[in-house]
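Everything below concerns the one structure shown next.
The values are calculated or read from the model by the stated rules, or taken from the named source; none is laboratory data. Computed from a predicted structure; not experimentally measured. FYI the Cβ positions are ideal-geometry reconstructions off the backbone, even for glycines, and counts take in every protein chain you see. The accessibility values were calculated without ligands, DNA or RNA, using every heavy atom of the protein model including side chains. Shrake-Rupley method; radii C 1.70, N 1.55, O 1.52, S 1.80 Å.
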Amino acid sequence: MLMTDHDMLRQELAPLMAKYEQSRSALIPMLQSVQAKYSRISPFAMQIIADMLGIHPVEVMGVVSFYSFLNTEPKGRFIIRLCRTISCDMVGREKVARQLQTDLGVEFGRTTADGKFTLEWANCLGLCDQGPALLVNSKAYTKVTPESVHAILEECRQTYGVHAQEKKEEHTI
């Protein structure tokens, strides 16, 4: 039996609906699940989630647009978020930012051509006493220096081995 994208996404999200007893508290876990698999949350996915939760799609879009860690556009396999608070600025954030841009060849807010890395600013990572701090996906790095940027990027590249060399697969959902 052929399944449509709509049916497949509903099937993937059904366990979350059951876990959260079909309540609105399933919204963020559902959004995170879609983003983890497809690297973004499309309008199509927002509509399905709204239907499953019995809420208006505008409410879902409001949550997606409010949280900076949720994306409507595809991002890199590795999203690097550098803290831009004053405490990180005072201990060398600008030099780390320049090194990241130089090594990756992109400005903040952009993704590398191979789809591996996205550079973003973070308003606060809660690591003010250990700055400059950055987050790569969900892994925190503290007391980052321009010299340590090379090692962090190399660690990312080696995480997926051969797969890190492949361009991210584009999904329609």
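General observations
- Selection of first residues in segment 132-143 that are under 22 Å from Gln35 (Cβ atoms) and of second residues that are of a type in the set (Lys, Arg) and not in a loop (DSSP other than H, G, I, E, B), restricted to Cβ pairs under 7 Å at least 6 apart or on distinct chains, gives the following pairs, ordered by first then second residue: Leu134/Arg81; Leu135/Arg81.
- Single residue of segment 136-158 satisfying the filter (in a loop (DSSP other than H, G, I, E, B) and more than 18 Å from Arg98 (Cβ to Cβ)) that is nearest to the chain's Cα centre (by Cα): Asn137
- Looking across segment 26-42 at every residue that is at pLDDT below 85 and among the hydroxyl-bearing types (Ser, Thr, Tyr), the one that is farthest from Asn137 (Cα to Cα) is identified as Tyr38.
- Test: residue in segment 75-88 that is of a type in the set (Lys, Arg), open to solvent by 70 Å² or more (accessible area, probe 1.4 Å), in a helix (DSSP H, G or I) and closer than 30 Å to Tyr141 by Cβ: no
- Failed criterion for Ser148 (all others in (1) open to solvent by less than 10 Å² (accessible area, probe 1.4 Å); (2) farther than 30 Å from Ala45 by Cα; (3) of a type outside the set (A, V, I, L, M, F, W, C) hold): (1)
Quick grid of which residues meet (1) open to solvent by less than 20 Å² (accessible area, probe 1.4 Å); (2) under 30 Å from Asp129 (Cα atoms):
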| site | (1), (2) |
| --- | --- |
| Pro57 | no, no |
| Val60 | yes, no |
| Arg98 | no, yes |
| Thr102 | no, yes |
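- Selection within segment 15-55 - loosely packed, with under 12 Cβ neighbours inside 10 Å and among the hydrophobic types (A, V, I, L, M, F, W, C): Ala18, Ala36
- Single residue of Phe69, Phe108 found to be touching a strand residue (DSSP E or B) at 6+ places or on another chain (Cβ under 8 Å), in a loop (DSSP other than H, G, I, E, B) and under 17 Å from Leu135 (Cβ atoms): Phe108
- Here Ala45, Ala50, Ala97 are screened, and the one residue that is at pLDDT 90 or above, in a helix (DSSP H, G or I) and in contact with a strand residue (DSSP E or B) (Cβ under 7 Å, 6 or more places away or on another chain) is Ala97.
- All positions within segment 1-18 that are in a helix (DSSP H, G or I) and polar (S, T, N, Q): Gln11
- Against the list (1) open to solvent by 10 Å² or more (accessible area, probe 1.4 Å); (2) modelled with pLDDT of 90 or more; (3) of a type outside the set (Ser, Thr, Tyr), the condition Ala133 fails is (1).
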